[in-house]
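Here's the structure, in structure tokens; my notes come after.
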Amino acid sequence: MDSDSERRLRELRLNLAEVCLEGRIDRIAALTRNPSGDAIITMINSGVRHLAMTKADQAVAERCHRILSVEHDIGRKVAAYLALSLFSFPHTMDRAFDIIDVPTPLLATVVKTLLAVPVFFTKEGARKRALAHVETTVQEIHKAVTVIDEEDFRKEVLSGFMDGYVVSAVYGEDVSLRTLALKRAELIRMYLEINDLARDVVPPPREPNNTVVRIGVLCPGALSETAAVRGHLLGLDTSVFQVIAFVPDEAATSVAAGFEDLADDFVALPVGDIPRAAGIIAAEKLDVLMAGANLTNACRFPWTLLMAQRLAHLQVAMHSCCLTTGFPTVDLFLNGILNEPDDCREDYTEEVALFPGSSNHYAFPGKPVEPETVTREQIGVPDAALLLLSGANYFKIGPDLINAWARILEAVPHAHILMYPFNPNWTTHYPYREGFLRFVQERFAARGVPVDRLHVLEAQATRAPILGVLKLADLYLDSFPYSGAVSLMDPISMGCPPVVREGHTARCRQSSALLREIGLDVLVTKSTDDYVTVVTRLLLDPALRREMSEAVRDVSRTYNFGPGGAEGGLGGDVGDILLAALKKKLKTSVI
């Protein structure tokens, strides 16, 4: 953001705050219901809250705090809260009113504002506090729509929740999110019912002597999720299973291309019409409906809304979901035994089905991607420097991870790091990226690491440039607590040793599960200090680093973790699990 754009954004924010502080509910509501979008939420999502406050900003914020602390009129309090939300994050603010007291015209915006936690964090412990705030807020929303028996109230609150709940930034905490997922699932179900969108069916009995099991797959569009689903389907017994691939009508051709070698049939779903899409799925008379995408973040995602309904005998999620779905309509969660801790069943509402090894088998569609030729001069890294790479996503990077990287660079003065955090598989829009990069630079500077040792690669159209850079790298640094998954395939395929830190919950064990399965346990660490120590030792010991590189290359050849994808697939194990679960669901010993 250039200085002129920032100046105009600040002016617009002050003007919007003044409108709120006037306390006229009708005028504020008009701004939030504008055909071009909710002005308050648009301003919040611009990243403006990450800007340092000026004296004028501070003066407005102080007025807001004063109203919230002494004003008795609820409408004025709510208006002041909305104004203050333009400058501060919800987990740092005292609200001084309950959701049930908010004027109806402002309900949806207030709920969205309450859920608008930062997209990245710059202070230790801030992500944990933001997660606690989200959990408390969702609990309050759930209680409000359960207790208040007024349709308009419920519709406004649920609409705000459906639009505002996005927790990719707080996934990173290595704790169970089962309770949060349960409440979210119940709220989504309430939204479907109050808006007459649910089309649950009682699946018809299987026909006698039918030996074919019909699996419907809600196919993802993101490359990483496509590779994961393909890894789960490769090896299915085609004499037993028939695969029907459901693809979104708005991108039917491109999504179908990723499954044309694995699906027996394709069905386009009208994702803008959930009841009609549900009817189409139900008409297929499926034995199994499997979701290949993440159902646990954005609430309006069509596959989430469909899996919240009963449309097949057995409904299944997999590790593309970052945590339990919470839906009673999802019966089974598939994962590898190495991906889960011993107490994993406490984290899920679904029955957990574990197959041997890890679930991190990926098969990319299409032809193998060849590395692009990249030179150190092109990326600004001296020939004599050691090069660390990380594809850790923007949403996974917090102070704890950056501090670890800064400690490594401080200990090895001739090391450089190149990040490519803006992966288009997560989102096409990374708000306030300049502030994020400035935060990284400041943390490095605090350790005496100059800015010219940090390099950033923008989002790329293909994996080819990433593979090219990895051929130049000495080590790959995985993220923590939320670990990488498919992102580790690229460094392994290029013989670049990845160092990972193992956590407790499944989303924090993906990379360690993969390395343990392929015999690279030595690159799995258990703590931040251990992570820093192992990386530093490898950087300072060329012989050990060469040994690890050779080991990774051997693994890549043995397991075919080259650009073409994973060896074999999980279809054999997945098929056995699905058959057993289907028999249990139908209470039969024969299918």
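The values are calculated or read from the model by the stated rules, or taken from the named source; none is laboratory data. From a predicted model like this one, the values you see are computed outputs, not experimental measurements. Ideal geometry is used to build each Cβ from the backbone, glycine not excepted, and the neighbour counts take in all protein chains shown.
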Looking at VAL201, is it over 20 Å from the mean Cα position of the chain (by Cα) and without any contact (Cβ under 8 Å) to a residue 60 or more places away in the chain?
no
Taking only pairs six or more apart or across chains, which ones have beta-carbon atoms under 7 Å, a first residue in segment 288-300 that is outside the structural domain of ARG184 (by TED's automatic domain parsing) and at pLDDT below 95, and a second residue that is part of a strand (DSSP E or B) and not β-branched (Val, Ile, Thr)?
GLY292/LEU218
Close pairs (8 angstrom Cβ cut-off, 6 or more residues apart or separate chains): more than 20 Å from HIS319 (Cα to Cα) and surrounded by fewer than 20 Cβ atoms within 10 Å (Cβ to Cβ) in segment 570-588, of a type in the set (Val, Ile, Thr) and at pLDDT below 95 anywhere:
LYS583/VAL590; LYS583/ILE591
When you scan segment 43-64, do you find a residue that is under 29 Å from VAL145 (Cα atoms) and free of Cβ contacts under 8 Å to residues at least 40 places away in the same chain, even just one?
no
I want to confirm something. Restricting to segment 158-198 and keeping residues that are within 30 Å of HIS504 (Cβ to Cβ) and of a type in the set (Asp, Glu), which single residue is nearest to the chain's Cα centre (by Cα)?
GLU173
For HIS65, only one of the following conditions fails: (1) surrounded by fewer than 21 Cβ atoms within 10 Å (Cβ to Cβ); (2) assigned to a helix (DSSP H, G or I); (3) touching a Pro at 6+ places or on another chain (Cβ under 7 Å); (4) not charged (D, E, K, R). What is its number?
(3)
Somewhere in segment 276-284, is a residue surrounded by fewer than 24 Cβ atoms within 10 Å (Cβ to Cβ), under 20 Å from the mean Cα position of the chain (by Cα) and of a type outside the set (Val, Ile, Thr)?
no
Looking only at segment 1-25, filter to residues that are part of a loop (DSSP other than H, G, I, E, B) and closer than 19 Å to VAL78 by Cβ; which one of those is modelled with the lowest pLDDT?
GLY23
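Do we find a residue being assigned to a helix (DSSP H, G or I) and either exposed (fewer than 12 other Cβ atoms within 10 Å of the Cβ) or of a type in the set (Asp, Glu) (or both) anywhere in segment 29-47?
No - not one qualifying residue is present in segment 29-47.
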Among residues of segment 48-62 being part of a loop (DSSP other than H, G, I, E, B) and under 21 Å from ARG433 (Cβ atoms), the residue modelled with the highest pLDDT is MET53
Residue pairs meeting the criteria (Cβ under 8 Å; at least 6 apart or on separate chains; first over 14 Å from VAL499 (Cα atoms), in segment 541-560; second surrounded by 17 or more Cβ atoms within 10 Å (Cβ to Cβ) and among the polar types (S, T, N, Q)):
SER556/SER493
Single match in PHE121, PHE89 (criterion: crowded, with 21+ Cβ neighbours inside 10 Å and under 24 Å from the mean Cα position of the chain (by Cα)):
PHE121
Restricting segment 207-240 to residues that are within 26 Å of ALA251 (Cα to Cα) and hydroxyl-bearing (Ser, Thr, Tyr), which is surrounded by the fewest Cβ atoms within 10 Å (Cβ to Cβ)?
SER224
What tally of residues in segment 87-116 results from selecting those that are more than 19 Å from ARG76 (Cβ to Cβ) and assigned to a loop (DSSP other than H, G, I, E, B)?
3
Going through segment 98-115 one residue at a time, which ones are crowded, with 19+ Cβ neighbours inside 10 Å and of a type in the set (A, V, I, L, M)?
ILE99, VAL102, LEU106, LEU107, ALA108, VAL110, VAL111, LEU114, LEU115
Quick check: is even one residue across segment 550-567 more than 27 Å from PRO465 (Cα to Cα) and either out of contact with any helix residue (DSSP H, G or I) (no Cβ under 9 Å at 6 or more places or on another chain) or surrounded by fewer than 21 Cβ atoms within 10 Å (Cβ to Cβ) (or both)?
no
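Residues checked against (1) at positive phi; (2) in a loop (DSSP other than H, G, I, E, B); (3) among the β-branched types (Val, Ile, Thr):
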residue: ALA363; (1), (2), (3): no, yes, no
residue: GLY366; (1), (2), (3): yes, yes, no
residue: VAL369; (1), (2), (3): no, yes, yes
residue: VAL374; (1), (2), (3): no, yes, yes
residue: GLU377; (1), (2), (3): no, no, no
residue: ALA392; (1), (2), (3): no, yes, no
residue: ASP400; (1), (2), (3): no, no, no
residue: TRP405; (1), (2), (3): no, no, no
residue: LEU409; (1), (2), (3): no, no, no
Which numbered condition ALA198 misses (of (1) modelled with pLDDT of 95 or more; (2) in a loop (DSSP other than H, G, I, E, B); (3) farther than 18 Å from PRO328 by Cβ; (4) among the aliphatic types (A, V, I, L, M))
(3)
Restricting the first residue to segment 216-243 and requiring it to be under 20 Å from VAL267 (Cβ atoms), which pairs with a second residue that is among the basic types (Lys, Arg) and surrounded by fewer than 24 Cβ atoms within 10 Å (Cβ to Cβ) meet a Cβ separation below 6 Å and a spacing of at least six or different chains?
GLN242/ARG214
Taking helices (runs of 4 or more DSSP H) that fall entirely within segment 431-545, which contain at least 1 residues that are within 24 Å of PRO371 (Cα to Cα) and of a type in the set (Gly, Ala, Ser)?
464-470, 489-493, 510-517
Quick check: is even one residue across segment 353-362 in the same structural domain as ALA506 (by TED's automatic domain parsing), touching a residue at least 12 places away in the same chain (Cβ under 8 Å), crowded, with 24+ Cβ neighbours inside 10 Å and small (Gly, Ala, Ser)?
no
For strands (runs of 3 or more DSSP E) lying entirely in segment 245-346, having 2 or more residues that are more than 29 Å from ILE591 (Cα to Cα) picks out none
Please go through segment 160-211 and give me each residue that is touching a Gly at 6+ places or on another chain (Cβ under 8 Å) and of a type in the set (Lys, Arg), ordered by number.
ARG178, LYS183, ARG184, ARG199
